[in-house]
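Below is one structure, written out as structure tokens; the observations come after it.
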Amino acid sequence: MTYKDVYDSWKSDPEGFWMEQAKAIDWVEAPTKALFDDNAPIYEWFSDAKVNTCYNAVDRHVEAGRGEQAAIIYDSPITHTKRSISYVELRNRVASLAGALRAKGIEKGDRVIIYMPMIPEALEAMLACARIGAIHSVVFGGFAAHELAVRIDDAKPKAIIAASCGLEPNRVVHYKPLLDGAIEQATHKPDFCVIFQREQEVAELIPGRDFNWHGFQFGVEPAECVPVEGNHPAYILYTSGTTGQPKGVVRPTAGHLVALNWTMKNIYNVDPGDVFWAASDVGWVVGHSYITYGPLVHGNTTIVFEGKPVGTPDAGTFWRVIQEHNVRSFFTAPTAFRAIKREDPKGEFIKKYDTSCLRALYLAGERADPDTIVWAQNVLGVPVYDHWWQTETGWTIAGNPAGIEALPVKIGSPTVPMPGYDVQILDDAGHPVPDGELGAIAVKLPLPPGTLPTLWNAEERFRKSYLNTFPGYYETGDAGMKDEDGYLYIMARTDDVINVAGHRLSTGAMEEVLASHPDVAECAVIGVGDDLKGQLPMGFLCLNSGCNRPHDEIIKEVVKLVRDQIGPVAAFKLATVVDRLPKTRSGKILRATMVKIADGDEFKMPATIDDPAILDEIRAALIPMGYAKS
Ligand code: COA
Ligand code: AMP
């Protein structure tokens, strides 16, 4: 079968295609049909099935004789720890944790927030929720207390599972005070918290509210897997939108299982038993789909890596992990490779390791720049596949289907749409544009199984954000084009989302924080190009009239404010004070033009600009910061 055969077979019979893929999942009650479109344009998949995610990710492999195979390999250069957890051990640990959660009153449909670093217990917490039908929401450890509080108020969790600390190369991240601060800030209060005490920092527990991870499991009955409906939310994952209020992406159970399982062979080209590694974090969608669920549902061994591509201890860490654990397919963000390339441009470190087990490298999360792809191909000597997707879809929209047929790589393109995705490039009026022309990238509805059916408690926002602009389509928020061979090119976001070191961030959310500073009258945040992180946020501040405090002081304060409110992951360190912001005559800030000036790119003077002279003032402010070089 070629890619074209598979894609065409989906297109001619989507129902048959997905029912066929559904056979790979162990159902309690099998679905009688795939698509449920009674409520279109809100679509659901496999809604009449009964199934359990944890059973498919863990128990079924034990029952099928894979109990002794490693399910998780924990490799932490930060703590100098390596540990392997077999499928049978994982089942026992997860059943016990799930039993303890159930004994404390967690039931199907209850929400549980998970705030943990890259340790196997994070995956166990996710799976324990799935086992009893609770809906987890993992919050990335690099977010500050305020971001956690916003998610607590939106998801209204009955419990929060956290670790005592996270470990960054240069510091201990004190999770417990962040957690306590978030609960204090939030209006909603969880019934209880479970704290996994790490030896690097033991946190003080609040009696009556906090329970020790090990202690609260003592003597409980292990929980069995609870069947849930196919459309039951498996999890909620918050992602950045245009405002400070993140979007709660809902992941439906059955479609998630079917789609992820399909991708493991067809895209990532691994067979059950193979070791698959996604060097990301469980706090992001890549971590949900490809550290936890995809590899485990498919019976692979997954790696939980607590470290960085460089500095833990050196730029050879990735190669060591690949060699030691026999990694077949490896997935990370281009920024990780840029970091390695910067430290080790000649690839000296890789020569110390035997990475011949590796078959391919997969990059996603941000634009993969050609230099990085070529460098990675040269040092690794394996194909490098860029692929494009989003938190909302949970799996590849466009990629290279290496397990079906490795298509020729065109550098700069994540290759072609996967079955399930009818990708169109549209003009402003919603009409398809000719090949080679730029437009908004949209996907014809319905989206395939596993993608978001809605936003948590925000259906209207879901419609407004994704469905209303182009009726009949899902609006991806990315702009790009298609070539004559059907290859896609992803060029830029069409909204206020920026991508910093593969992390999706909202400039709107940062603007809200800057605007809260008492001396700031008006502000704008844009994403400027960065050689390492792809983009970096940069703030422009207009101060209240009469404010004569030193600008440096105010800049330091706003930098701290963003770190405290959003978190270190925002990497907000660049800001400048300007008299005025460039605007259209109707008052819209011309952020896109500011980006062009900062990056030193050519731009067309916007016809609607109110006062072109302001652009010179912006350029003058940027030059001393090392930007706006043409
Ligand atoms: N918990 C707490 N803080 C965190 C964190 C976490 N899980 N992850 C990152 N941070 C902090 C970092 O310590 C850093 O803090 P600092 O300002 O005190 O130095 C800040 O957030 C910014 O982090 P990051 O943007 O990741 O920069 P970095 O300099 O620490 O590392 C790279 C740069 C390129 C090595 C790193 O970004 C990387 O490995 N990226 C891979 C991308 C990736 O996995 N993306 C996931 C989507 S696929
Ligand atoms: P996230 O939801 O965090 O995965 O971010 C999704 C966004 O990251 C997409 O909408 C794109 O803007 C960007 N993105 C992800 N993968 C790619 C890629 N391969 N090429 C270009 N941009 C990408």
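Going by how many other Cβ atoms sit within 10 Å of their own, how do ASP37, ASP344 line up, fewest first? If you can, show how the numbers build up before the last one.
Values: ASP37 12, ASP344 17.
Fewest-to-most Cβ neighbours within 10 Å comes out as ASP37, ASP344.
Residue by residue, the range 144-152 carries 3J(HN,Hα) couplings of 7, 3, 4, 5, 5, 4, 4, 6, 5 Hz when phi is fed to the Karplus relation 6.51 cos²θ - 1.76 cosθ + 1.60 (θ = phi - 60°); x denotes Gly or Pro. Net length available on complete extension from THR79 to GLU343 is 92.8 nm, with 0.36 nm assigned per residue and the Cα-Cα distance removed. For the residue pairs LYS247/LYS482; LYS247/LYS556; LYS82/LYS533; LYS444/LYS573, the C-alpha atoms sit more than 32 angstrom apart in LYS444/LYS573. Per residue of the chain, the DSSP helices (runs of n ≥ 4 H) give a summed -39500 (n - 2.57) that works out to -8000 deg cm²/dmol at 222 nm.
Under 1.5 on a/c is rounded, so check that first for the range 315-354, then, if it is not, pick prolate when a/b is larger than b/c and oblate when it is not; a ≥ b ≥ c are the square roots of the alpha carbon gyration tensor eigenvalues. It comes out oblate by the Cα gyration axes. In terms of other Cβ atoms within 10 Å, ARG359, ARG251 run from fewest to most in the order ARG359, ARG251. If R0 is taken as 51 Å, the Cβ-Cβ distance between MET605 and ASP271 corresponds to a FRET efficiency of 0.35. Here the extension length gained between ILE42 and GLU460 equals 149.4 nm, from 0.36 nm per residue of separation less the Cα-Cα distance.
Report the rotationally averaged projected area of the chain based on its alpha-carbon convex hull, in square nanometres. Before the final figure, lay out the partial values.
Working: hull surface 110.8 nm².
Projected over every direction and averaged, the Cα hull of the chain covers 27.7 nm².
Does the range 407-559 come out rounded, prolate or oblate, given a ≥ b ≥ c as the square roots of the eigenvalues of its C-alpha gyration tensor, rounded meaning a/c under 1.5 and, failing that, prolate meaning a/b above b/c? In terms of gyration-tensor shape, prolate.
Rg ratio for the range 541-630: its Cα radius of gyration over 2.2 N^0.38 Å, N being its residue count, equals 1.18.
Once you sort the root eigenvalues of the Cα gyration tensor of the range 321-433 as a ≥ b ≥ c, which label holds: rounded (a/c under 1.5), prolate (a/b larger than b/c) or oblate (the other case)? Prolate, because a/c is 1.5 or more and a/b exceeds b/c. Here ALA429 and LYS4 are evaluated by their C-beta separation; at R0 = 25 Å the FRET efficiency comes out at 0.25.
Which whole number of Å³ per residue matches the convex hull of the alpha-carbon atoms in the range 32-148? The partial results should precede the final answer.
On the way: hull volume 19.0 nm³, N = 117.
Value for the range 32-148: 163 Å³ per residue.
In this label model, GLN377 and LYS108 are separated by 5.0 nm, measuring between points 7 Å along each Cα→Cβ vector. Full extension of the chain between ASN548 and ASP579 gives 9.9 nm of extra length, using 0.36 nm per residue less the Cα-Cα distance. Cut-off 17 Å, label point 7 angstrom out along Cα-to-Cβ of GLU437: give me the residues of the range 458-501 whose amide nitrogen falls inside. Only 479-486, 489 pass the distance filter. DSSP assigns beta bridges within the chain; of those with both partners inside it, close to 60 percent run antiparallel. Fewest neighbouring Cβ atoms within 10 Å first, the residues ARG111, ARG320, ARG102 line up as ARG320, ARG102, ARG111. Cα centroids of the range 383-455 and the range 185-225: 41 Å apart. One Cα centroid belongs to the range 267-288, the other to the range 111-182; the line between them spans 20 Å.
DSSP beta bridges fully contained in the range 306-444 are about 55 percent antiparallel. Distance distribution note for the range 70-228: the fraction of Cα pairs above 22 angstrom is 38%. Treating each Cα of the range 290-339 as one equal point scatterer and applying the Debye formula with no solvent, the log10 of I(q)/I(0) at q = 0.17, 0.25 Å⁻¹ comes out as -0.56, -1.06.
If you take the Cα centroid of the range 11-29 and the Cα centroid of the range 552-577, the two points sit 49 Å apart. The distance between label points at ALA613 and HIS188 comes to 5.2 nm (points 7 Å beyond Cα on the Cα→Cβ vector). The label-point distance for HIS174 and GLU20, in a model that sets each label 7 Å from Cα toward Cβ, rounds to 5.8 nm.
Values quoted throughout were computed directly from the atomic coordinates according to the rules given, and no laboratory measurement underlies them. The model shown is predicted, which means the values in this text are computed figures rather than measured ones. Glycine also receives a Cβ, built like all others from the backbone with ideal geometry; neighbour counts cover every protein chain displayed.
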